[in-house]
Amino acid sequence: MSDVLPPPPPPRSNDGCWKWGALTCGIGCSVAVIAVVVGGFLFMRSPLVKNVMQSMEDAQEVSKEIKTAWNALEKYHKEKGKYPDKLTALIPNYLPSESSLHYSKDPNGPEFTYHKPAPDADDSVIVLEYKVSMNIPTGPGQPPPIVNITIRKDGQMTQQTGSPYPGGTGRTSVPSAPGSGSSY
């Protein structure tokens with residue numbers, strides 16, 4: 001064996017790799033967080049997102065208004081023992097005016113669609129419905145998707161989003177509790 005000792009290790013400096021690694025990682029992560037926040041902000045301000053959000057707000061408002069018409073129908077049914085032949089029979093005793101039979105943001109648009117239930121009709125029969133067209137760009141020759149809002153005889157409300165074509169794809173159903181407004 002030799003009596004020679006190895007040289008001592010070099011002195012440490014404050015410029016170690018841990019210090020520089022942590023600094024670079026911190027800066028990189030900060031830049032990434034800023035990019036995500038700015039990107040999210042720009043995305044939320046995009047016309048497409050604004051149109052989708054507006055369409056969903058419209059669907060919520062229609063849900064409230066159609067529920068008011070359904071409540072008037074139920075009151076008429078309880079008092080008279082039958083459903084009216086037409087929704088206009090609710091004016092003026094149960095609803096203030098014919099404008100109550102339309103979506104308030106589209107007063108010249110279509111009325112709520114009324115399906116008079118048979119006297120022995122099941123509670124699952126749809127009594128009122130309305131279709132809200134979503135202002136979303138689609139492919140050439142394709143209509144925009146719709147939100148179909150329905151109220152059954154038992155008061156159960158659903159909102160289905162999908163194609164305006166029969167059998168269209170992408171349908172989802174969102175039920176709400178009986179006697180309540182929309183579940184949104």
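Computed from the coordinates by the stated procedures, all read-outs in this text should not be read as laboratory data. This is a predicted model, so every value here is computed, not measured. With ideal geometry, Cβ positions are generated from the backbone for all residues, glycine too; neighbour counts draw on all protein chains shown.
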Two pseudo-spin positions, 7 Å from Cα along C-beta at N135 and at S99, lie apart in nanometres by 2.0 nm
What lysines could a cross-link reach from K116, if we take a straight Cα to Cα line under 17 Å and drop same-chain neighbours fewer than 8 places away? K67, K75, K78, K80, K82, K86, K153
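For the range 1-125, with only Lys/Arg (+1) and Asp/Glu (-1) charged at the beta-carbon, what is the dipole magnitude about the Cα centre, in debye rounded to 20? Intermediate values should be presented prior to the final figure.
On the way: 13 positive and 15 negative charges, 57 e Å.
It works out to roughly 280 debye.
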Can you work out ³J(HN,Hα) from phi for every residue in the range 54-70, in order, using Karplus 6.51 cos²θ - 1.76 cosθ + 1.60 and θ = phi - 60°, giving whole Hz and x for Gly and Pro? 5, 4, 5, 5, 4, 4, 5, 5, 4, 4, 5, 6, 5, 5, 4, 5, 5
By a straight-distance test (C-alpha under 15 Å), which aspartates and glutamates pair with K50 as possible cross-link partners, with residues fewer than eight away in the same chain excluded? D58
Projected onto the charge dipole of the range 56-175 (+1 at Lys/Arg Cβ, -1 at Asp/Glu Cβ, origin at the Cα centre), which of L73, P144, T113 gives the Cα projection farthest towards the positive end? L73
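Can you sort L87, L73, L42 from fewest to most other Cβ atoms within 10 Å of each residue's own Cβ?
Numbers: L87 22, L73 25, L42 10.
Listing L87, L73, L42 from fewest to most nearby Cβ atoms yields L42, L87, L73.
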Along the Cα→Cβ direction, 7 angstrom out, place labels at V4 and V33. What is the inter-label distance in nm? 5.4 nm
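So if R0 is 22 Å, what FRET efficiency would K80 and S124 give, r being the distance between their Cβ atoms, rounded to the nearest 0.05?
0.45
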Compute the separation of the alpha-carbon centres of the range 30-54 and the range 135-161 and state it in Å as a whole number. 26 Å
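Pick out, in residue order, every one of the chymotrypsin sites (Phe, Trp or Tyr not before Pro) in the range 41-141 that is DSSP loop and has at most 15 other C-beta atoms within 10 Å; say none if there are none. Provide the component values of the computation, followed by the final result.
On the way: sites: F41, F43, W70, Y76, Y94, Y103, F112, Y114, Y130; in loops: Y94, Y103, F112.
Nothing satisfies the criteria.
Dipole of the range 56-175, Cα-centred, from +1 at each Lys and Arg C-beta and -1 at each Asp and Glu C-beta, to the nearest 20 debye?
Values: 13 positive and 15 negative charges, 26 e Å.
My answer is approximately 120 debye.
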Say each of D106 and T24 gets a label point 7 Å from the Cα, pointing the same way as Cα to Cβ; how far apart are those two points in nm? 5.8 nm
